[in-house]
1. Any residue at all in the range 326-343 that's open to solvent by 60 Å² or more (accessible area, probe 1.4 Å) and modelled with pLDDT under 95?
2. Which of (1) at positive phi; (2) assigned to a helix (DSSP H, G or I) does Ala229 not meet, given it meets every other one?
3. For the range 360-380, give me the residue count where each residue is in a helix (DSSP H, G or I) and among the polar types (S, T, N, Q).
4. When you scan the range 153-166, how many residues do you find that are open to solvent by 10 Å² or more (accessible area, probe 1.4 Å) and either in contact with a strand residue (DSSP E or B) (Cβ under 9 Å, 6 or more places away or on another chain) or in a helix (DSSP H, G or I) (or both)?
5. For the list (1) of a type in the set (S, T, N, Q); (2) open to solvent by 10 Å² or more (accessible area, probe 1.4 Å); (3) at pLDDT below 95, I need the number of the one condition that Ser240 fails.
6. Please identify the pairs in which a residue from the range 319-347 that is closer than 19 Å to Tyr236 by Cβ has its Cβ atom under 7 Å from the Cβ atom of a residue that is open to solvent by 30 Å² or more (accessible area, probe 1.4 Å), counting only partners at least 6 apart or on another chain.
7. In the range 281-299, how many are in a helix (DSSP H, G or I) and at pLDDT below 95?
8. If I ask for residues that are part of a helix (DSSP H, G or I), surrounded by fewer than 24 Cβ atoms within 10 Å (Cβ to Cβ) and among the β-branched types (Val, Ile, Thr), which ones from the range 41-72 would you list?
Amino acid sequence: MKRYSKTAFAAAALAATILGTASLSAQELPKTIAWSSYGVGGASYNQAVAIGKAMKEELGVNLRILPGKNDIARTIPARAGKVHAIAGGVASYFAQEGVFDFSGSDWGPQPIRIVMTSIGDTNLGLGVANDIGVKTLADLKGKRVARIKAAAALNYNTEALLASAGLTWDDVEVVEFSGFGDSWDGIISDKVDAAFALMATGRAYQLEASPRGLIWPEVPESDTKAWAALKAKAPYFVYSVGTEGAGVSPEKPHHGALYPMPQLMVYANQDNDLVYAMTKAMVDLYPSYKDGAPGASGWALERQNFKWAVPYHDGAIRLFKEKGLWTDEMQAHNDGLIKRQDVLATAWTDFKASAGADLSVEAFEKAWLEARAAALTEAGMEPVFK
């Protein structure tokens with residue numbers, strides 16, 4: 001039993017040609033919808049394909065999937081209103097917080113809302129080539145570890161897992177790649193030794209079948225020191241026993257970390273009826289797509305975490321209320337997260353008004369981190385990123 005203690009601009013241009021403006025009832029989706037996602041072969045892409053197949057066969061709806069190499073590439077079309085939603089990862093949290101790639105002057109805190117998330121039987125971790133003798137995360141010292149350009153979610157998670165073993169980027173040989181898929185191709189071609197991923201991603205299965213093989217070092221629940229270090233860096237992680245993925249099974253479970261992945265997310269201003277209809281389709285069509293891709297079973301309604309780190313959209317909440325799942329406690333939690341976003345939005349507006357125009361990119365981002373931490377602290381909220 002599962003345990004929980006727990007390209008962009010081209011894509012935007014393409015999406016602009018496929019989004020219609022037809023009126024939409026609360027029960028209907030337009031004939032074509034569009035999501036941005038991780039690149040071809042990634043878990044979110046494969047699961048979106050399975051969901052799209054179900055939508056086409058049962059609703060006559062075409063789901064266009066626009067791959068993006070990094071978090072910014074996946075978010076640009078959504079912010080511009082060129083795609084309806086993003087099938088991504090924990091970048092939802094980083095975007096909300098206005099950190100990493102979202103700390104630049106043209107971004108800042110984003111009003112992100114969750115539609116649904118996938119909490120599957122597969123964990124997240126650092127996949128390591130099995131031909132270099134690594135058994136634990138600590139063994140990665142001195143080894144080649146992938147870092148992805150403009151992909152703060154992937155890189156920060158790598159950093160957090162390294163921290164659980166007392167390591168930093170300075171303790172490994174950093175090899176940079178332009179995208180997630182490139183990093184995993186790099187392991188197969190012996191250009192790098194380790195990269196972060198969902199264990200059910202297609203790239204991981206490719207590595208497992210390659211001459212190098214694959215191993216996922218664990219973070220056991222009993223290792224309290226490792227978990228304290230991990231949670232200090234990434235409080236959105238929870239302990240999980242993974243039973244699905246490359247090199248993972250019920251007979252060979254993985255003890256480690258997970259957060260909802262993939263996540264279907266939208267901007268707060270996305271139409272309530274459209275979000276309701278998407279949520280309803282995700283719930284109603286679940287039996288048709290749950291076996292369509294590794295990890296797709298995680299979209300089950302009973303696996304939703306309604307008290308996670310990013311608020312849900314009102315359109316999705318409407319469906320959850322109809323199902324009798326949404327409680328006053330969940331609403332209070334959601335309202336608190338929206339209040340946090342409001343505090344961040346006000347802090348960003350005030351900071352932008354006072355920040356010197358001559359600040360360098362590095363100085364601007366440093367000053368913003370200080371301003372956001374001060375604003376959150378004053379509001380009685382944990383800054384997390386300082």
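1. For the range 326-343, residues open to solvent by 60 Å² or more (accessible area, probe 1.4 Å) and modelled with pLDDT under 95: absent.
2. For Ala229, the exception is condition (1).
3. 1
4. Qualifying residue count, the range 153-166: 6.
5. That leaves (2) as the condition not met.
6. So the pair list comes out as Met330/Lys307; His333/Lys307; Arg340/Met381; Gln341/Pro111; Val343/Ala379; Val343/Met381.
7. 3
8. Val49, Ile72
The values are calculated or read from the model by the stated rules, or taken from the named source; none is laboratory data. Computed from a predicted structure; not experimentally measured. Counting neighbours? That spans all protein chains shown, and the Cβs are built from the backbone with ideal geometry, glycine included. What goes into the accessible areas is simple: the full protein's heavy atoms, side chains included, and nothing from ligands, DNA or RNA. Shrake-Rupley method; radii C 1.70, N 1.55, O 1.52, S 1.80 Å.
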